[in-house]
Structures are given as structure tokens and as C-alpha cells.
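The values are calculated or read from the model by the stated rules, or taken from the named source; none is laboratory data. Everything quoted here is computed from the prediction, not taken from an experiment. Cβ sites come from the backbone with ideal geometry, for glycine too, and all protein chains shown count toward neighbours. Keep in mind that these areas ignore ligands, DNA and RNA; they rest on the heavy atoms of the full protein, side chains included. Shrake-Rupley method; radii C 1.70, N 1.55, O 1.52, S 1.80 Å.
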Amino acid sequence: MAVKGKQIQTEIFAQLIKRADSALLLIDALDKNQIDHTKLDPNSVYRLRTNPNTEVAKRAADFFDRVRGPVAKEKDALIAKFAPEIAKAGNVSAGHAAFVKNCAVCHTLNGEGANIGPNLTGIGAHGREELLVHVLDPNRVVEPNFISVSIETKDGEQFDGIVARENEKSIVLRNQTSEHEIARADIQSKRNTGRSLMPEGFEALGAETLRNILAYMCDPKTVAAKK
Ligand code: HEC
């Protein structure tokens, strides 16, 4: 399965990054395009960028700034800032409450919540660091069916959301507050925003709340629960 291959790849990168000399070889290979940089998982990127070895950190920063642009750079920095914070022990029950308040409007976890975004049951098995990347940078990887679409109707109304259903007569757009059926005949324009329906900016919740939410999601009891 593709997932398995990806896991192995991620482990290999993690091993290479552990030592400065092999981390530099990895950066060389990226630089020479012997390894496609988009294959590198987000955690590896920020481990390189925030490497305790300053030569590794500097070369990684130069490389990624060049190939990935300013937005990705900001997100990497944000993730690197929060990573040590969310590694500390969190409060699982406070995290549960914060999840219900901030995330359950879109996500189901263990049978609780809505079905706008993907079901997160069991996702805690991936660990806090990986989830942090999804939470702080939702646009890094978005499955096509979760990309938000923007429709303007002929009478000037605007709707945003993901396409829940469509047929030759109409399109149903869904977002966290509502579901709208729009007749194709009424559509003035339809635009793919290229952005996730998951909003950016959850860093505003603060390190403690994010840590608690991730502690709840990754708690062995949450992961093991059968919904
Ligand atoms: C407005 C709806 C919305 C809200 C609110 C929201 N999400 Fe999401 N989330 C999505 C959508 C849509 C996706 C799928 C597309 C993507 O990955 O960006 C997603 C993806 C994710 C993923 C990756 C899932 C996967 O299968 O790869 C995680 C983890 C996640 N969200 C966690 C959270 C957490 C934690 C919160 C609360 C702090 C939250 N989300 C709030 C809509 C939302």
C-alpha cells in the first residue's frame, strides 16, 4: 500500500536527519534534485530547518526558502515554534472540551461531531507532531474533495463550501454552517479556491489549548475507543 511506502520513506528521512553529516548529504541530494523535495514530510522539513547543527539549519533554510516560497516558510516557522510546546503533557479532558468547541463543527471523532471534514477517529495514532502540521497548515496537503469552491449566482449571491453532491441539474455546497443546493441554471461563476475548507489560524487558540486538543486526540483511550 502507498501509505506503507510513505512511512518507510519518512523513517529513512528521520534516520538521515539524526546525524549532521547525513543530514547534509540529504540536503545535497535535494539541491541536486536527486530527491524530490515534495516527497519530504513536513516534520522532516522542520527538523532540518530547526536543526541544532547550524550548518544544517542554514542550508536547509536556504534550500526550502528557495523552493517553497514565503508562505510555507512562515508555516514551517510557526510549526517549529509550537512543536516543543505541544510535546509537553496536556490535559485530556480540557482537550476534549476544546475539541468539541473548535473542531467538532466539522470533524467527527469517536462518534461525536459533524461530517464536513474527514472523520478523525483513530487519527491520533499518527502522533501530536504530525497532527500539529495539519492543524496549523491545513493547506499543505488537501484532498481534492475538501478544496473549497466558490459559487456566485446570477442574482449576486455568493456561496462557499465543498461540493457535497452534484448532478446535471444542481450542485450542493456544504460548509460548517449550512448546506445549499444551487441550480446549475442559476450559476454565474464557479471557482475552485485551491484552499482547504479547514480554516487557517488555529494558532490563535494558544499553545496550551492546542496541546490539550492534541493530547486528547492522541490519548491511548481516544485512539483505542470504538465509536
Ligand atoms: C470549517 C471546518 C473545519 C474545522 C473547524 C476544523 N477542520 Fe480540520 N479539516 C477540515 C477539512 C475540510 C479537512 C480536510 C482537508 C485538509 O486536510 O485540509 C480537515 C483536515 C484535518 C486534519 C487532517 C485529516 C486527515 O485525514 O489527513 C486534521 C488532523 C484536522 N483537520 C484537525 C482539526 C482540528 C484539531 C480542528 C480544531 C482545532 C479542526 N481540524 C477544525 C475542516 C475543518
>> Just to be sure before I move on: is Asn43 on the phi < 0 side of the Ramachandran plot, outside any helix (DSSP H, G or I) and open to solvent by less than 50 Å² (accessible area, probe 1.4 Å) in the structure I sent?
In response: no
> Which members of segment 181-199 meet the condition of being out of contact with any Lys or Arg (no Cβ under 8 Å at 6 or more places or on another chain), part of a strand (DSSP E or B) and on the phi < 0 side of the Ramachandran plot?
Replying inline: Glu181, Ile182, Ser189, Lys190, Arg191, Asn192, Thr193, Arg195, Ser196
> Consider Ile187 against the criteria (1) hydrophobic (A, V, I, L, M, F, W, C); (2) over 21 Å from the mean Cα position of the chain (by Cα); (3) closer than 22 Å to Ala77 by Cα: it satisfies all of them except one. Which criterion is unmet?
Replying inline: (3)
>> I'd like the full set of residues that are within 13 Å of the ligand (Cβ to nearest atom) and free of Cβ contacts under 8 Å to residues at least 24 places away in the same chain, limited to segment 183-207.
In response: Gly201, Ala204, Gly206
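Every residue in segment 139-174 that is more than 15 Å from the ligand (Cβ to nearest atom) and aromatic (Phe, Trp, Tyr), please. Talk me through it step by step, then tell me what you get.
Filtering segment 139-174 down to residues more than 15 Å from the ligand (Cβ to nearest atom) leaves 151-158, 165-172.
Correct list: empty.
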>> Need the failing condition index for Thr177 against (1) within 11 Å of the ligand (Cβ to nearest atom); (2) of a type outside the set (D, E, K, R); (3) at pLDDT 90 or above, just the number.
In response: (3)
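Looking at segment 183-227, which of its residues are of a type in the set (Val, Ile, Thr) and within 30 Å of Glu166 (Cα to Cα)? Spell out the reasoning first.
Taking segment 183-227 first, the residues of a type in the set (Val, Ile, Thr) are 187, 193, 209, 213, 222-223.
Passing the criteria: Ile187, Thr193.
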